[in-house]
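**Q** Take this structure first; my questions come after.
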Amino acid sequence: MIVVGSGAGGGMAAYVLTRAGHKVLMLEAGRDYDPVAETPMFNTNAEAPLRGTRTPDKHFGFYDATVDGGWDVPGEPYTMADGTDFLWWRARMLGGRTNHWGRLSLRFSPHDFKAATRDGLGADWPFEYDTLAPWYDKTETIVGVCGDNPGLDDIPDAAPGVLHKPPQPRVPELLLAAAAKKLGIPTAYMHRAILTRPLDNRQPCFWATPCGRGCSIGAAFQTTTSLLPLALETGNLKIVTDAMVHTVAVDDTGRATGVTFVNRKTRKPETLSARVVVLAASACETARILLNSRTDALPDGVANSSGQVGRNLMDSTGASFTGLVPALENRPRYNEDGHTGNHIFIPWWGHAAQAKGELNFPRGYHFELGGAFPAPGMGAGSSAAGYGLALKERVRSRYGAYVGLSLRGEMVASDDCYMEIDGEVRDQWGIPVPKFHWKWSEHELNQVAHGRDTARQIIETMGGQMHNPDQLPEEAIKKGGEIIHEVGTTRMGTDPGTSVTNEWGQTWDVPNLYVMDGGVFASNPHKNCTLTIMTLAMRNADHLAQAMGRGNV
Amino acid sequence: MTHLTRRESFRRAAILAGASGLPFGCAPASESVPAAWQPLELKPVTATGYGTDPNLIHPAPAPWILTLTEKQRNLAGVLADILIPAEGDIPSATGAGVIDVLDEWVSAPYPLQQEHRAVLLSGLDWCEREADNRFGSTFATLTEMQQLEIVDDIAFPERTAAAFAQPAAFFDVLRRLVAGMFYSSPEGAAELGYLGNVPISGDWPGPTAEAMAHLNEQLNKLGLEL
């Protein structure tokens with residue numbers, strides 16, 4: 001069988017299928033990539049061009065793991081409708097975006113799977129949390145997630161022994177937590193896909209060097225140091241890189257027969273046949289492939305009798321609130337790198353208030369808390385004023401005295417947010433490109449306004465001052481796609497008329513065609529999507545492997 | 001009435017200010033007419049960048065050609081060391097190699113750096129013309145007091161006269177860049193007291209007792225508790 005994509009979904013699908021004894025050919029659009037040999041562990045900003053600062057060549061900074069990608073991929077444009085400002089992040093490398101992701105790994109909660117039942121917006125998932133819970137346990141066991149079970153309704157418990165011990169909070173995080181506590185707002189350990197004890201051939205975190213660069217010791221999860229090597233060990237996996245898949249072929253009986261891709265080295269198309277095709281190219285690439293697979297017999301594309309392919313495109317809402325906190329000025333220095341992400345966060349605490357109708361937005365959000373002595377980069381100059389010794393004194397005293405609250409929230413699927421195929425523009429491989437449509441609704445803007453006011457209260461309770469406290473939500477909210485949590489374009493459901501796949505990621509129209517990336521999300525809870533992409537891929541690949549074993553596919 | 005040139009009147013004013021014992025570097029904002037801001041017309045940098053797949057482990061030197069003239073580098077160095085002077089064993093900005101980085105920055109083919117190039121080169125040019133306007137000399141050969149008299153007019157946005165708005169915006173860009181480049185140098189990072197980027201085995205040790213004592217003191221002052 002063919003698996004398209006080597007990131008979170010494709011990596012997990014290949015891992016499960018090969019271990020069940022099935023032969024898998026994995027097609028990856030980008031180049032081969034080896035984090036052990038290529039990760040710039042311990043390199044300093046001073047060693048990089050322009051002090052490592054972000055540029056149009058490397059959008060998250062020089063050392064970010066992303067290869068040939070970012071918001072713009074050379075030779076691979078996308079288009080937008082008038083009034084749309086959407087960003088589409090891609091990585092053209094083995095392992096895809098798992099090489100650089102934030103590793104935040106929060107389970108969706110019982111609330112999250114049935115939001116539409118509660119508030120009438122968007123769609124429910126085709127199962128309850130309890131169905132997925134054991135699969136979360138299995139996924140977290142293989143991935144390696146640090147965190148704990150605080151017993152809050154937004155953070156379901158993992159089974160005993162699954163989670164790795166989280167690192168304790170830093171000083172600014174403790175102060176943020178104390179301020180939140182006074183306001184009746186909880187904090188909890190962030191769950192991140194970071195090992196704090198050994199697992200397989202991977203070493204535990206040694207508390208240095210940012211995870212976004214990738215991790216040569218395998219402490220920070222990426223498929224290229226975990227699922228892919230484990231799948232290759234079975235002898236059942238073959239990986240072909242530089243293979244840009246653009247269509248799935250379907251025969252007269254309605255079954256998928258294989259895929260066609262452009263070999264990026266020869267620039268020529270090649271066709272492969274397979275018993276089963278699993279698409280895990282990322283939500284927007286998978287929808288693009290299905291829509292580009294249209295034929296005279298299937299003018300709307302493959303697996304699109306519902307008309308839902310490309311619809312229901314969702315990202316997380318995002319906004320960043322920062323402030324200077326005098327109580328943190330001139331504080332004693334210590335090594336505050338930790339696992340280089342946030343050690344604690346503010347989970348969504350408003351379910352009860354929403355149930356009582358006290359909030360003017362339907363879905364929740366969380367705050368990722370920021371504050372530490374950072375590895376000095378160009379940002380170190382932003383607190384400078386005046387000149388001379390006074391300037392130096394000010395920069396020293398303010399080092400480590402800024403805090404940030406990054407909002408990540410749930411948006412509601414909307415008819416205004418979707419992608420289709422642009423009828424005119426093609427990429428350098430000759431493949432028609434997506435055209436995006438995007439508009440935030442009042443649900444998201446009201447949520448961000450609430451987040452802004454809450455962040456301000458927290459920062460002021462710490463004795464600090466928030467930058468830009470009167471910013472309008474329309475200005476504060478990040479662009480669609482900017483949080484890089486795009487999902488929903490091939491959503492799963494119980495009704496073939498309103499969804500693209502069933503609960504197993506199997507397309508309603510083509511029984512041997514599966515989707516195992518974020519496209520299948522029925523909604524996009526505020527928790528980052530990768531853990532649930534992997535959990536669904538594990539459950540659904542397991543289902544597929546068993547069905548194949550019975551000859552049922 | 002003796003007809004003084006503008007240059008001569010400023011020279012005398014400066015001498016008077018010096019004689020009056022005004023503290024160094026705190027001369028009142030100049031009431032004179034400053035040199036006009038003249039944006040330089042620059043040829044765009046057309047070099048290619050380092051690309052979307054550079055070697056990250058052994059970063060190559062930036063592939064673009066450095067473009068600052070010796071004179072511009074010298075003037076930028078004088079200003080950079082006014083911003084970040086040496087302090088005890090800690091080198092000044094130029095001592096930490098900031099001008100090489102600044103040259104790399106303004107010579108880079110990326111949009112932000114090109115914007116900064118336009119502002120910085122126009123600003124350096126303004127400094128030279130203003131030095132000539134006030135003191136009849138190049139900026140680098142002015143006395144330190146004369147240099148600071150000009151810098152004081154553009155270094156404090158909250159009290160900058162309208163006539164100095166554009167030079168002040170230039171100085172702000174220069175300041176952020178020079179400070180960012182200095183504090184991300186090994187010497188600057190050491191001055192800040194950054195202690196990370198070293199591997200630690202076992203559990204993360206967390207805040208030191210001293211750091212916690214400071215936090216607890218602050219929590220008490222704010223009426224907060226963990």
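**Q** Is there a residue being more than 14 Å from chain B (Cβ to nearest Cβ), open to solvent by 50 Å² or more (accessible area, probe 1.4 Å) and either under 30 Å from A:GLY350 (Cα atoms) or not β-branched (Val, Ile, Thr) (or both) anywhere in segment A:198-217?
**A** Yes, segment A:198-217 has at least one match.
**Q** Does any residue in segment A:489-517 that is more than 20 Å from A:GLU420 (Cβ to Cβ) come within less than 6 Å, Cβ to Cβ, of a residue that is at pLDDT below 95 and surrounded by fewer than 20 Cβ atoms within 10 Å (Cβ to Cβ) six or more places away or on a different chain, and which pairs are these?
**A** A:ASN512/A:VAL553
**Q** Go through segment A:335-368 and count every residue that is basic (Lys, Arg) and buried (at least 24 other Cβ atoms within 10 Å of the Cβ).
**A** 1
**Q** Right, here's the next one. Pick out the one residue from A:MET462, A:MET538 that is assigned by TED's automatic domain parsing to the domain that holds A:LEU176, crowded, with 22+ Cβ neighbours inside 10 Å and either out of contact with any Cys (no Cβ under 8 Å at 6 or more places or on another chain) or modelled with pLDDT of 95 or more (or both).
**A** Sole residue among the options that is assigned by TED's automatic domain parsing to the domain that holds A:LEU176, crowded, with 22+ Cβ neighbours inside 10 Å and either out of contact with any Cys (no Cβ under 8 Å at 6 or more places or on another chain) or modelled with pLDDT of 95 or more (or both): A:MET462.
**Q** With segment A:28-136 as the region, which helices (runs of 4 or more DSSP H) entirely inside it contain at least 2 residues that are more than 14 Å from chain B (Cβ to nearest Cβ) and surrounded by fewer than 23 Cβ atoms within 10 Å (Cβ to Cβ)?
**A** A:110-113, A:115-119
**Q** Do we have any residue at all in segment A:150-172 that's in contact with a Cys (Cβ under 6 Å, 6 or more places away or on another chain), at pLDDT 95 or above and within 13 Å of chain B (Cβ to nearest Cβ)?
**A** Yes, segment A:150-172 contains at least one residue that is in contact with a Cys (Cβ under 6 Å, 6 or more places away or on another chain), at pLDDT 95 or above and within 13 Å of chain B (Cβ to nearest Cβ).
**Q** Do we find that A:GLU329 is farther than 22 Å from A:THR53 by Cα, at pLDDT 95 or above and acidic (Asp, Glu) in this structure?
**A** Taking the combined requirement at face value, the residue satisfies it.
**Q** Still on this structure, I have one more. Filter segment A:399-409 for residues that are open to solvent by 10 Å² or more (accessible area, probe 1.4 Å), more than 8 Å from every other protein chain (Cβ to nearest Cβ) and either in a loop (DSSP other than H, G, I, E, B) or in contact with a His (Cβ under 6 Å, 6 or more places away or on another chain) (or both) and give the result.
**A** Correct list: A:ARG408 only.
**Q** Moving to a separate point now. Can you pull out the strands (runs of 3 or more DSSP E) entirely within segment A:215-301 that have at least 2 residues that are over 26 Å from the mean Cα position of the chain (by Cα) and of a type in the set (Gly, Ala, Ser)?
**A** Filter on segment A:215-301 gives A:256-263.
**Q** Can you run down the residue pairs with Cβ atoms below 7 Å, 6 or more apart or on separate chains, where the first is in segment B:60-80 and farther than 17 Å from B:GLN114 by Cα and the partner is surrounded by fewer than 17 Cβ atoms within 10 Å (Cβ to Cβ) and at pLDDT 95 or above?
**A** B:ASN74/B:ALA140; B:LEU75/B:ALA140; B:VAL78/B:ALA140
**Q** When both residues are 6+ apart or on different chains and their Cβ atoms are under 8 Å apart, which pairs have a first residue that lies in segment A:378-398 and is within 7 Å of another protein chain (Cβ to nearest Cβ) and without any contact (Cβ under 8 Å) to a residue 12 or more places away in the chain, and a second that is open to solvent by 40 Å² or more (accessible area, probe 1.4 Å) and not in a helix (DSSP H, G or I)?
**A** A:GLY386/B:PHE156; A:LEU389/B:GLU87; A:LYS392/B:GLU87
**Q** Here is a further query. So for segment B:66-89 (the condition being crowded, with 16+ Cβ neighbours inside 10 Å and under 21 Å from A:TYR63 (Cβ atoms)), does at least one residue qualify?
**A** No, segment B:66-89 contains no residue that is crowded, with 16+ Cβ neighbours inside 10 Å and under 21 Å from A:TYR63 (Cβ atoms).
**Q** Any idea how many residues of segment A:421-456 are among the hydrophobic types (A, V, I, L, M, F, W, C), buried (at least 21 other Cβ atoms within 10 Å of the Cβ) and touching a Ser or Thr at 6+ places or on another chain (Cβ under 7 Å)?
**A** Here the count works out to 3.
**Q** Starting from residues that are more than 23 Å from A:ILE217 (Cβ to Cβ) and open to solvent by 10 Å² or more (accessible area, probe 1.4 Å), keep the ones in segment A:9-27 and report whichever is nearest to the other protein chains (Cβ to nearest Cβ).
**A** So the residue we want is A:LEU25.
**Q** Residues to consider are A:VAL412, A:VAL433; find the one that is out of contact with any Leu (no Cβ under 9 Å at 6 or more places or on another chain), among the β-branched types (Val, Ile, Thr) and in contact (Cβ under 8 Å) with a residue 12 or more places away in the chain. If you could, list the steps in order and put the result at the bottom.
**A** On the way: A:VAL412 fails: out of contact with any Leu (no Cβ under 9 Å at 6 or more places or on another chain).
On inspection, the qualifying residue turns out to be A:VAL433.
**Q** Okay, next question. Cβ contacts < 6 Å: first residue within 10 Å of A:LEU106 (Cα to Cα) and assigned to a loop (DSSP other than H, G, I, E, B), restricted to segment A:179-192; second residue open to solvent by less than 50 Å² (accessible area, probe 1.4 Å) and of a type in the set (Gly, Ala, Ser), any location; separation 6+ or different chain. Result?
**A** These pairs meet every condition: A:HIS191/A:SER105; A:HIS191/A:GLY147.
**Q** Would you please name the residue that is nearest to the other protein chains (Cβ to nearest Cβ), looking only at residues in segment A:232-246 that are over 26 Å from B:LEU56 (Cβ atoms) and open to solvent by less than 30 Å² (accessible area, probe 1.4 Å)?
**A** A:VAL245
**Q** Would you mind telling me which numbered condition in (1) over 22 Å from A:MET80 (Cβ atoms); (2) assigned to a helix (DSSP H, G or I); (3) within 14 Å of the chain's Cα centre (by Cα) A:LYS527 fails?
**A** Tallying (1) over 22 Å from A:MET80 (Cβ atoms); (2) assigned to a helix (DSSP H, G or I); (3) within 14 Å of the chain's Cα centre (by Cα), A:LYS527 fails exactly one: (2).
**Q** Name the one entry in A:ARG92, A:ARG97 that is under 13 Å from B:THR52 (Cα atoms) and of a type in the set (D, E, K, R).
**A** A:ARG92
**Q** Restricting to segment B:90-139, what's the tally of residues that are within 12 Å of another protein chain (Cβ to nearest Cβ), surrounded by fewer than 19 Cβ atoms within 10 Å (Cβ to Cβ) and in a loop (DSSP other than H, G, I, E, B)?
**A** Of the residues in that region, 3 qualify.
**Q** Every residue in segment A:329-351 that is at the interface with chain B (Cβ under 10 Å from one of its Cβ atoms), touching a helix residue (DSSP H, G or I) at 6+ places or on another chain (Cβ under 6 Å) and either among the small types (Gly, Ala, Ser) or farther than 13 Å from B:TRP204 by Cα (or both), please.
**A** Listed by number, the residues that qualify are A:GLU329, A:ASN330, A:ARG331, A:PRO332.
**Q** Moving on to the next point. Spot the failing condition for B:ASP172; the list is (1) without any contact (Cβ under 8 Å) to a residue 24 or more places away in the chain; (2) in contact with an Asp or Glu (Cβ under 8 Å, 6 or more places away or on another chain); (3) not hydrophobic (A, V, I, L, M, F, W, C), and only one is missed.
**A** (2)
The values are calculated or read from the model by the stated rules, or taken from the named source; none is laboratory data. Since we're looking at a predicted model, the values are computed, not measured. Note that each Cβ is placed from the backbone with ideal geometry, even for glycine, and that neighbours are counted across all protein chains shown. Calculation scope for accessible area: heavy atoms of the full protein, side chains included, ligands and nucleic acids excluded. Shrake-Rupley method; radii C 1.70, N 1.55, O 1.52, S 1.80 Å.
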